[in-house]
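Inspection log for the structure reproduced underneath, given as structure tokens.
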Amino acid sequence: LPIIKDKVGLEYGLSLAWKQYKFSNDFQILEDTIPFSIVDDGTKYKKNKLKTTFLEVPLMLTITGRRNFYVSGGVYGGVLLGAKQKLKDENGNKLKIKDDFNLNKFRYGVVGRIGFGPFAVYAQLALNDLFKEGQGPALTPFNVGISILDF
């Protein structure tokens, strides 16, 4: 939505956000446990990831410069669509566990983006913890990545 001709505008939309959190420890998150519980059975994992999928709605003020250069900043909110832990041990055995893992169902925070044309680098800081209060470790997500717009 233009505010000042084609130089300043309000940007909004829907986005799917896939986030991966890698763990360096050898543990498996237990399903359907409150509070958050893990088990370490001695298995050594080459990969240990928690993957989340959120549907997010950003609302940002965008300033456009010359040659399709732009800077944006604002807020976002999102709802959890799904989560799974992916494990791969030293022998190549894979395990996938789908659960909500006591994750917060809703996420909100601040976001900034700088880009040129359809490509941008963004930073996103959640203002609430990844896990529900008292039901998991206190982790506040900070994500940096690349976004592709107008495809």
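The values are calculated or read from the model by the stated rules, or taken from the named source; none is laboratory data. Values in this document were obtained by computation on a predicted structure and should not be read as measured data. Here the Cβ positions follow ideal geometry from the backbone for every residue, glycine too, while neighbour counts run over all protein chains shown. Quick note on the areas: whole protein, heavy atoms, side chains included, nothing else; ligands and nucleic acids left out. Shrake-Rupley method; radii C 1.70, N 1.55, O 1.52, S 1.80 Å.
Data table
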read-out: Close pairs (8 angstrom Cβ cut-off, 6 or more residues apart or separate chains): over 16 Å from Gly73 (Cβ atoms) in segment 1-13, β-branched (Val, Ile, Thr) anywhere; value: Pro2/Val8; Asp6/Thr64
read-out: Within segment 36-135, strands (runs of 3 or more DSSP E) holding 2 or more residues that are open to solvent by 70 Å² or more (accessible area, probe 1.4 Å), in contact with a Lys or Arg (Cβ under 6 Å, 6 or more places away or on another chain) and in contact (Cβ under 8 Å) with a residue 24 or more places away in the chain; value: 45-64
read-out: Identity of the residue in segment 107-124, in contact with a Phe, Trp or Tyr (Cβ under 9 Å, 6 or more places away or on another chain), at pLDDT 90 or above and of a type outside the set (A, V, I, L, M), that ends up nearest to Thr52 (Cα to Cα); value: Arg107
read-out: All positions within segment 25-35 that are open to solvent by 50 Å² or more (accessible area, probe 1.4 Å) and either of a type in the set (S, T, N, Q) or in contact (Cβ under 8 Å) with a residue 40 or more places away in the chain (or both); value: Asn25, Glu31, Asp32, Ile34, Pro35
read-out: For Gly9: the one exception among (1) over 18 Å from Asn143 (Cα atoms); (2) modelled with pLDDT of 95 or more; value: (2)
read-out: Per-region count, segment 140-151, residues in contact (Cβ under 8 Å) with a residue 60 or more places away in the chain and outside any strand (DSSP E or B); value: 1
read-out: Residues being open to solvent by 90 Å² or more (accessible area, probe 1.4 Å) and either in a loop (DSSP other than H, G, I, E, B) or acidic (Asp, Glu) (or both) - total across segment 10-24; value: 2
